[in-house]
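For reference, the structure is listed below as structure tokens.
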Amino acid sequence: MHWADVMAERLGRRGPRHIVATGITPSGEFHIGHIREILTGDMIVRAAKHAGLEAELVFVVDNADPLRKVYPFLDESYSQLIGHQLGAIPAPDAEGKPDWNRFEQDGWTYGDHFLAPFLDALAQLGVRPRLLPNLQAYRSGQFASAAKYACDNPDEIREIIERVSGRELPAGWFPWQPLDAKGNLDGVKVTGYDYPLVHFVDAEGTRGSSDITKGDGKLPWRLDWPAKWGINAITCEPFGKDHGAAGGSYATGKELSVLFGHEPPEPLTYEWISLRGQGAMSSSAGNTVGPVEALQLVPPEILRFLVANTKPKKAIEFDTGMGLVKLADEFERSSGRDFESELKDEGLSRRQRVQVEDVQAAVRLSSVVDGSTTHATSSTFRHLALLAQVKHGDEEVLSAITTEDGDAKDVLLDRLRRMRTWIASSHFPDELRVVLLDEPSPDALNALSPTQQPLVAALKEALLHVTWDEQGITDAMKSVAGLDGVGMRDVYRAAYASLMGLEKGPRLAPILANCKKVEILGLLEKSANHVLQ
RNA sequence: GGGCCUGUAGCUUAGUCAGGUAGAGCGACGGACUCUUAAUCCGUCGGUCGCGGGUUCGAACCCCGUCAGGCCCGCCA
């Protein structure tokens with residue numbers, strides 16, 4: 001059974017109505033790693049609906065979290081805002097400086113700045129979660145009850161965290177982090193509690209009080225999370241493997257949640273997505289691929305397929321080169337399969353059956369619109385990559401792909417558009433680039449058989465007088481093959497060796513038709529001379 | 001130090017919860033399309049299931065140990 005269906009089944013045992021939560025801190029640019037969090041949640045929701053349950057996806061925006069440090073993409077002036085909440089400070093402008101104007105006039109915050117493009121990407125992926133900005137939840141007093149329980153019973157809370165995580169909390173630890181008069185969470189020491197006020201001394205020694213019912217502060221992360229489960233009636237939440245480890249925040253949250261009066265959500269831990277050859281993604285190292293960037297290269301269904309077709313506990317290596325071609329082609333093949341008739345085969349072993357069912361589920365979860373079927377185009381990604389380089393306009397590419405299915409045209413055009421972006425980018429693999437040689441390649445020519453070598457000169461002769469278009473070039477090739485028992489195979493071997501330095505390659509005629517006749521003939525001539533020596 | 005996850009064909013992996021002759025896809029190789037060959041179709045090859053023990057009639061799967069990689073037990077997600 002597909003992992004999403006397994007979760008749905010588990011949820012079904014728990015009850016008929018579900019809220020699946022995801023959450024991310026908008027501290028910097030979002031990357032495709034974050035996509036896994038949201039898509040995992042989205043797929044659970046879909047599977048739950050498919051199983052006849054009521055389900056909704058929510059996205060907690062953790063904009064009550066403080067700015068941790070001045071990231072490389074920020075101006076040094078952000079140092080005065082460290083410790084301030086992401087939903088309460090200005091967004092960086094083009095130079096990385098705090099944009100105070102926009103902050104004061106439109107209330108445009110740091111969190112909004114990074115969230116907006118991510119939401120666009122999600123919309124393209126067909127995911128529209130209900131947003132739950134955390135800072136606003138604090139300010140409107142939603143955390144009051146959980147915060148009161150925690151502040152009333154700090155020893156009980158402390159005991160749970162220390163026992164479950166196996167760590168010792170510092171002497172002055174208190175289950176509420178007050179905000180000082182300037183809006184800073186760092187360096188504030190709690191000195192007393194008198195509901196609803198938590199008294200404190202800030203880093204500069206100034207005294208003050210924080211009202212826990214008004215969001216003049218926040219719960220520490222380990223309490224903040226389980227409190228949110230209760231407030232929003234969360235029944236299921238996927239989270240990264242960091243939270244999932246024993247002693248981690250889910251383990252403590254599970255117990256705290258019960259104290260706050262809510263049954264902890266059904267967990268699902270997932271692995272990270274890393275970039276191929278570059279290890280884990282990190283904004284500070286600059287080795288990220290953003291969801292927006294990824295979607296410029298590849299259609300949303302394929303990104304969904306990547307997540308849907310990999311079990312959550314498997315690490316994903318995102319590869320923007322050949323790996324992307326393989327992924328896309330696998331999706332194409334899979335979505336073109338007739339699963340129903342495959343499953344009718346009585347001869348399938350249990351394992352084979354499960355395999356077919358899982359791919360079927362993955363394909364279903366990959367469609368951007370739930371319930372719609374994704375059209376398989378009759379062309380693989382690899383083939384399209386070729387056509388896009390060789391043909392000129394969109395129409396020319398389309399006419400090279402024979403499609404009987406009328407409405408697949410939009411799909412193809414959309415794919416072509418992304419393909420062109422990909423080809424123009426540095427991600428496009430050299431292996432797929434169509435490159436004609438400037439000078440003959442001795443190695444490739446020497447590798448030709450004695451029958452094939454003379455064909456280089458013969459090709460040159462044949463091409464000399466033809467009309468320089470696809471038909472003419474193809475005819476010339478055939479005429480060479482017609483000579484004493486030489487097959488088309490040999491002709492093309494000779495052509496690829498002399499023109500591209502390869503043993504085999506893409507369709508030659510369209511490529512040559514787009515090149516200058518003189519240059520091609522020149523290259524063939526030089527190659528022929530090399531062969532003679 | 002304590003704990004969790006991962007390790008199966010050249011590559012990506014299914015199967016581990018409920019033990020019953022190891023399943024796919026890609027690649028490679030071979031063939032067919034009388035034809036462009038990175039297009040399409042068919043076929044073949046390829047696995048001591050990280051390693052060592054144990055339980056069992058039977059172990060990829062359960063138990064113990066061990067190796068390798070990642071993560072948590074500070075902050076933060």
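Tell me, yes or no, whether the range A:490-511 has at least one residue that is farther than 30 Å from A:Leu324 by Cβ and either at pLDDT below 80 or out of contact with any helix residue (DSSP H, G or I) (no Cβ under 6 Å at 6 or more places or on another chain) (or both). Yes, the range A:490-511 contains at least one residue that is farther than 30 Å from A:Leu324 by Cβ and either at pLDDT below 80 or out of contact with any helix residue (DSSP H, G or I) (no Cβ under 6 Å at 6 or more places or on another chain) (or both).
Within the range A:302-319, is there a residue that is hydrophobic (A, V, I, L, M, F, W, C) and modelled with pLDDT under 85? For the range A:302-319, residues hydrophobic (A, V, I, L, M, F, W, C) and modelled with pLDDT under 85: absent. Looking across the range A:1-55 at every residue that is over 20 Å from A:Asn309 (Cβ atoms) and of a type in the set (S, T, N, Q), the one that is farthest from RNA strand B (Cβ to nearest atom) is identified as A:Ser27. Screening A:Asp99 on (1) in contact with a strand residue (DSSP E or B) (Cβ under 6 Å, 6 or more places away or on another chain); (2) within 16 Å of RNA strand B (Cβ to nearest atom); (3) without any contact (Cβ under 8 Å) to a residue 60 or more places away in the chain shows it passes everything except condition (2).
Scanning the range A:441-463 finds one or more residues that are open to solvent by less than 40 Å² (accessible area, probe 1.4 Å), over 17 Å from A:Leu508 (Cβ atoms) and over 44 Å from the mean Cα position of the chain (by Cα). Within the range A:168-188, the presence of at least one residue that is in contact with a Lys or Arg (Cβ under 7 Å, 6 or more places away or on another chain), open to solvent by 50 Å² or more (accessible area, probe 1.4 Å) and among the small types (Gly, Ala, Ser) is confirmed.
Show the residue pairs that are 6+ apart or on different chains and have beta-carbon atoms under 7 Å apart, the first residue being within the range A:440-464 and among the charged types (D, E, K, R), the second being open to solvent by less than 50 Å² (accessible area, probe 1.4 Å). That search, which allows pairs on different chains as well, returns A:Lys460/A:Leu521; A:Lys460/A:Leu524; A:Lys460/A:Ala528. The number of residues in the range A:241-258 being more than 6 Å from RNA strand B (Cβ to nearest atom) and outside any helix (DSSP H, G or I) comes to 0. Where helices (runs of 4 or more DSSP H) fall wholly inside the range A:284-396, the ranges with 3 or more residues that are among the acidic types (Asp, Glu) are A:322-335. Counting residues in the range A:317-332 that are more than 21 Å from the chain's Cα centre (by Cα) and within 13 Å of RNA strand B (Cβ to nearest atom) gives zero. Test A:Asp224 against the stated conditions and say whether it is within 15 Å of RNA strand B (Cβ to nearest atom), part of a loop (DSSP other than H, G, I, E, B) and acidic (Asp, Glu). Criteria not met by A:Asp224.
Within the range A:259-271, is there a residue that is in a loop (DSSP other than H, G, I, E, B), within 14 Å of RNA strand B (Cβ to nearest atom) and either within 30 Å of A:Lys182 (Cα to Cα) or in contact (Cβ under 8 Å) with a residue 24 or more places away in the chain (or both)? Scanning the range A:259-271, I find at least one residue that is in a loop (DSSP other than H, G, I, E, B), within 14 Å of RNA strand B (Cβ to nearest atom) and either within 30 Å of A:Lys182 (Cα to Cα) or in contact (Cβ under 8 Å) with a residue 24 or more places away in the chain (or both), so the answer is yes. Picking from residues in the range A:234-278 that are modelled with pLDDT of 90 or more and open to solvent by 50 Å² or more (accessible area, probe 1.4 Å), the one that is farthest from A:Ala315 (Cα to Cα) is A:Gly261. Annotation: A:Gly487 fulfils all but one of (1) under 29 Å from A:Gly393 (Cα atoms); (2) within 12 Å of RNA strand B (Cβ to nearest atom); the unmet one is (1). Restricting attention to the range A:350-384 and to residues that are over 21 Å from the mean Cα position of the chain (by Cα) and among the aliphatic types (A, V, I, L, M), the residue that is modelled with the lowest pLDDT turns out to be A:Ala376. For the criterion of being surrounded by 14 or more Cβ atoms within 10 Å (Cβ to Cβ), in contact (Cβ under 8 Å) with a residue 24 or more places away in the chain and farther than 30 Å from A:Leu275 by Cα, A:Ala509 passes.
Residues are listed down the side, and each one gets a yes or a no for (1) away from RNA strand B (no atom under 15 Å from the Cβ); (2) in contact with a His (Cβ under 9 Å, 6 or more places away or on another chain):
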{"residue": "A:Asn134", "(1), (2)": "no, no"}
{"residue": "A:Gln142", "(1), (2)": "yes, no"}
{"residue": "A:Asn153", "(1), (2)": "yes, no"}
{"residue": "A:Ile157", "(1), (2)": "no, no"}
{"residue": "A:Glu162", "(1), (2)": "no, no"}
{"residue": "A:Ala171", "(1), (2)": "no, no"}
{"residue": "A:Gly183", "(1), (2)": "yes, yes"}
{"residue": "A:Tyr193", "(1), (2)": "yes, yes"}
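A:Thr474 meets the conditions (1) more than 13 Å from RNA strand B (Cβ to nearest atom); (2) polar (S, T, N, Q); (3) open to solvent by 20 Å² or more (accessible area, probe 1.4 Å); (4) closer than 29 Å to A:Val325 by Cβ in every case but one. The failed one is (1). Would you pick out the residues in the range A:311-361 that are under 24 Å from A:Glu293 (Cβ atoms), open to solvent by 90 Å² or more (accessible area, probe 1.4 Å) and out of contact with any strand residue (DSSP E or B) (no Cβ under 8 Å at 6 or more places or on another chain)? Passing the criteria: A:Lys314, A:Lys326.
Somewhere in the range A:478-496, is a residue outside any helix (DSSP H, G or I) and touching a residue at least 60 places away in the same chain (Cβ under 8 Å)? No, the range A:478-496 contains no residue that is outside any helix (DSSP H, G or I) and touching a residue at least 60 places away in the same chain (Cβ under 8 Å).
The values are calculated or read from the model by the stated rules, or taken from the named source; none is laboratory data. Note that the structure is predicted; figures quoted are calculated from it, not measured. Don't worry about glycine lacking a Cβ; one is built from the backbone with ideal geometry, like all the others, and counts go over all protein chains shown. We work out accessible area using only protein heavy atoms, side chains counted, and drop any ligands, DNA or RNA first. Shrake-Rupley method; radii C 1.70, N 1.55, O 1.52, S 1.80 Å.
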